[in-house]
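What follows is a short report on a single structure.
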Amino acid sequence: ELGRCVFCTGSLIGQIETAHKVPTRQLSERLDAALGTDGHFGRLVGLVLRSQLPSWFQAYAEMEARAAYISTYQAQLVYGLLQTEAYARAVLTTGLPDNLEDLLAARLERQRILEREHPPVLWVVLDEASLRRPIGGRDVMRNQLVHLLSFRTRRWVRIQVLPYSAGEHASLIGSFTGIRFDDDPDLVYTEDLISGHMTANPDTVKEASLRYAHLQASALSVEESASLITRVLEESYGHSEGPGQRAVA
């Protein structure tokens, strides 16, 4: 009966009840409406989806959700919070996971922090390589670049591109992310081939902050970065986006 009310099968409801299936946010919100539970399932689903992330990543995702300021340098990929669904699917597929759809839902759930009434400041430095590598194929990558340009209107999101012409730079060793909180110590997060690592060691945080400042100084300005993204769209995908023109997928 509940399945009929929320437009799914009774079998799916049973699988969710027995933890064999993970509920989506949309289903959780429909359950709240059907059962009159005042947002109870909508509030819980974030925790449920986060539990689908790799165990080594869950602590970082929790810190990310509490952050007041996130600064990240990404050497190969678009940062997870800025990925389209199709781009994220292509990235996650490379790990050959058994629970691809659950991982994808969890990644998209993380992005909801940018929609909050008081979102964190997000400052992203992307290596030019992340714009040039066609993850997921031409259509997926074109839409991802258009999506990056859509953040130009977001006050709390800033994207810079570190161009190839910068040559050697302060983070040739790879990507890293810094997180600041209103009341807790700053953190630095890095990943290796197998897992991720967080630290609040003051010396590490200081070193990462210095390196990030150098990266920002070497990168193109926010406006110049948007121009480069637009140029890549035009040169690689034949896509033009003029003032007032709607993005065409």
Which of (1) open to solvent by 40 Å² or more (accessible area, probe 1.4 Å); (2) among the acidic types (Asp, Glu); (3) closer than 22 Å to Ser175 by Cα is the odd one out, the single condition Asp98 does not satisfy? (3)
On the given criteria, is Ala129 within 20 Å of Gln216 (Cβ to Cβ), surrounded by fewer than 21 Cβ atoms within 10 Å (Cβ to Cβ) and touching a strand residue (DSSP E or B) at 6+ places or on another chain (Cβ under 6 Å)? no
Does Leu145 qualify as being open to solvent by less than 30 Å² (accessible area, probe 1.4 Å), under 26 Å from Pro163 (Cβ atoms) and either more than 12 Å from the chain's Cα centre (by Cα) or among the basic types (Lys, Arg) (or both)? yes
Report whether or not His169 is in contact (Cβ under 8 Å) with a residue 40 or more places away in the chain, over 19 Å from the mean Cα position of the chain (by Cα) and open to solvent by 60 Å² or more (accessible area, probe 1.4 Å). no
Taking only pairs six or more apart or across chains, which ones have beta-carbon atoms under 8 Å, a first residue in segment 8-32 that is in contact (Cβ under 8 Å) with a residue 40 or more places away in the chain and at positive phi, and a second residue that is among the aliphatic types (A, V, I, L, M) and open to solvent by 40 Å² or more (accessible area, probe 1.4 Å)? none
Sort out which residues of segment 6-33 are assigned to a helix (DSSP H, G or I), open to solvent by less than 50 Å² (accessible area, probe 1.4 Å), in contact with a helix residue (DSSP H, G or I) (Cβ under 6 Å, 6 or more places away or on another chain) and of a type outside the set (Val, Ile, Thr), and write them in order of number. Arg25, Ser28, Leu31, Asp32
Name the single residue that is farthest from the chain's Cα centre (by Cα) among those in segment 184-208 being among the charged types (D, E, K, R) and modelled with pLDDT of 95 or more. Asp203
Just for segment 66-100: of the residues that are touching a residue at least 12 places away in the same chain (Cβ under 8 Å) and of a type in the set (D, E, K, R), which one is nearest to Phe181 (Cα to Cα)? Arg66
Let me spell it out: the conditions are (1) surrounded by fewer than 18 Cβ atoms within 10 Å (Cβ to Cβ); (2) under 21 Å from Val146 (Cβ atoms); (3) touching a helix residue (DSSP H, G or I) at 6+ places or on another chain (Cβ under 8 Å); (4) not aromatic (Phe, Trp, Tyr), and Leu82 meets all of them except one. Which number is the exception? (1)
Check segment 149-165 and report whether any residue there is polar (S, T, N, Q) and at pLDDT below 95. yes
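The values are calculated or read from the model by the stated rules, or taken from the named source; none is laboratory data. Remember, predicted model here, so these are calculated numbers, not experimental data. Virtual Cβ from ideal backbone geometry, glycine too; neighbours counted across all protein chains shown. In case anyone asks, the SASA skips ligands and DNA or RNA and just uses the protein heavy atoms, side chains included. Shrake-Rupley method; radii C 1.70, N 1.55, O 1.52, S 1.80 Å.
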